[in-house]
Amino acid sequence: MAIVTSRSKTALLWTVVKYGLLVIGAIIMVAPFIDMFLGALRTPAERLARPPIYWPRDPQWINFKRVFTEMPTLVWLRNSVIVTLAVTALQILTSSMAGYALAKYRFAGANMMFRTVLGAQMFPFFLFIIPIFFILRYFPLIGGNDLLGQGGMGFLNSYSAIILPFAVSWYGIFLMRQFFMGVPDELLDAARLDGAGEFRIFFVIVLPLVLPGLATLAIFVFVYQWNEVIWTMTITRTAPDLQTLPVGIFLLRGAFTEEATQSLQQAAVAVSVLPVMLTFLLLQRYYVRGLTAGSVKG
């Protein structure tokens with residue numbers, strides 16, 4: 001009886017410690033977001049107070065209204081939605097098709113292509129900003145360019161210039177390949193024997209089986225692209241109407257240097273974070289399943 005009691009106490013203690021650590025971790029993760037929203041509600045005097053006043057005594061909810069009345073936030077938000085959804089859709093399509101081919105088809109050079117996909121992940125995107133910029137600028141027969149790529153602006157000053165460089169993701173291909181490796185080959189062979197074509201097998205049979213993987217990739221791409229600044233800022237220097245929400249907030253930092261406008265900046269950041277949080281909450285179930293299912297080795 002004493003042994004059982006001792007084990008029960010140990011199990012209870014371990015449970016308390018485990019959940020205590022989880023609560024502490026959750027507080028650490030959530031604290032910056034709480035501070036961001038509270039900072040958007042503080043008055044200038046509360047921001048300058050020492051010691052700091054964390055809970056606003058007179059919440060300035062009007063700051064969230066000012067974000068939409070004193071800034072072109074709706075334009076930035078529209079551009080962010082268009083660009084992010086387009087990139088997410090393209091990467092899901094290209095990554096799933098390429099990953100499926102590498103996982104389920106046997107052809108010459110498949111192993112070399114897979115090694116290339118793995119190796120390409122070592123190079124950060126900013127290394128290719130200049131060559132990609134010139135490719136888009138001098139692309140033939142686009143944007144007023146002639147056959148030699150002269151005379152116009154190519155893809156510049158358009159959504160295409162922001163979207164196309166992110167249409168394919170090396171990491172996305174690798175991730176989806178790992179998910180497709182878990183799909184039984186026998187299932188595909190049975191579908192072929194029933195007369196199903198390759199596209200029908202892919203879109204009707206295989207894709208529903210890797211839905212957690214697609215959701216995981218969608219979250220990664222959405223979060224990254226929504227917050228992408230370097231490339232979008234480079235492209236939209238000559239096309240302010242195409243600026244996305246993070247870029248617009250970043251470029252306006254120089255115009256909001258006074259303490260009185262710091263709360264307005266935080267309100268704008270809070271607005272930009274909400275779509276990301278909503279997307280994660282909607283796809284959280286598939287994301288958690290995807291993290292475990294994606295551990296299949298191939």
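Against the conditions (1) loosely packed, with under 10 Cβ neighbours inside 10 Å; (2) not assigned by TED's automatic domain parsing to the domain that holds L175, A49 satisfies every one except (1). All of W76, W55, W14 fail the test of being more than 25 Å from V223 (Cα to Cα), out of contact with any His (no Cβ under 9 Å at 6 or more places or on another chain), assigned to a helix (DSSP H, G or I) and aromatic (F, W, Y), apart from W14.
Against the test of being surrounded by fewer than 20 Cβ atoms within 10 Å (Cβ to Cβ) and either in contact (Cβ under 8 Å) with a residue 24 or more places away in the chain or in contact with a strand residue (DSSP E or B) (Cβ under 9 Å, 6 or more places away or on another chain) (or both), the options T216, T234 yield a single qualifying residue, T234.
Checking every residue in segment 18-35 against the condition of being more than 34 Å from the chain's Cα centre (by Cα) and free of Cβ contacts under 8 Å to residues at least 12 places away in the same chain gives zero matches. Can you say whether A89 is over 21 Å from V229 (Cα atoms), at pLDDT 90 or above and small (G, A, S), as far as the supplied structure shows? Criteria not met by A89. Output the residue which, of all residues in segment 98-112 that are surrounded by 14 or more Cβ atoms within 10 Å (Cβ to Cβ) and not hydroxyl-bearing (S, T, Y), is farthest from M233 (Cα to Cα). Checking each candidate, the answer is K104.
Count of segment 174-218 residues, restricted to those that are among the aliphatic types (A, V, I, L, M), in contact with a Phe, Trp or Tyr (Cβ under 6 Å, 6 or more places away or on another chain) and either in a loop (DSSP other than H, G, I, E, B) or at pLDDT 90 or above (or both), is 1. The set of residues in segment 219-231 being in a helix (DSSP H, G or I) and either loosely packed, with under 15 Cβ neighbours inside 10 Å or over 22 Å from the mean Cα position of the chain (by Cα) (or both) consists of I230 alone. Only residues that are small (G, A, S) and either part of a helix (DSSP H, G or I) or closer than 22 Å to V168 by Cβ (or both) were counted in segment 125-148, giving 1.
The values are calculated or read from the model by the stated rules, or taken from the named source; none is laboratory data. Note that this is a predicted model, so its numbers are computed, not measured. Note that each Cβ is placed from the backbone with ideal geometry, even for glycine, and that neighbours are counted across all protein chains shown.
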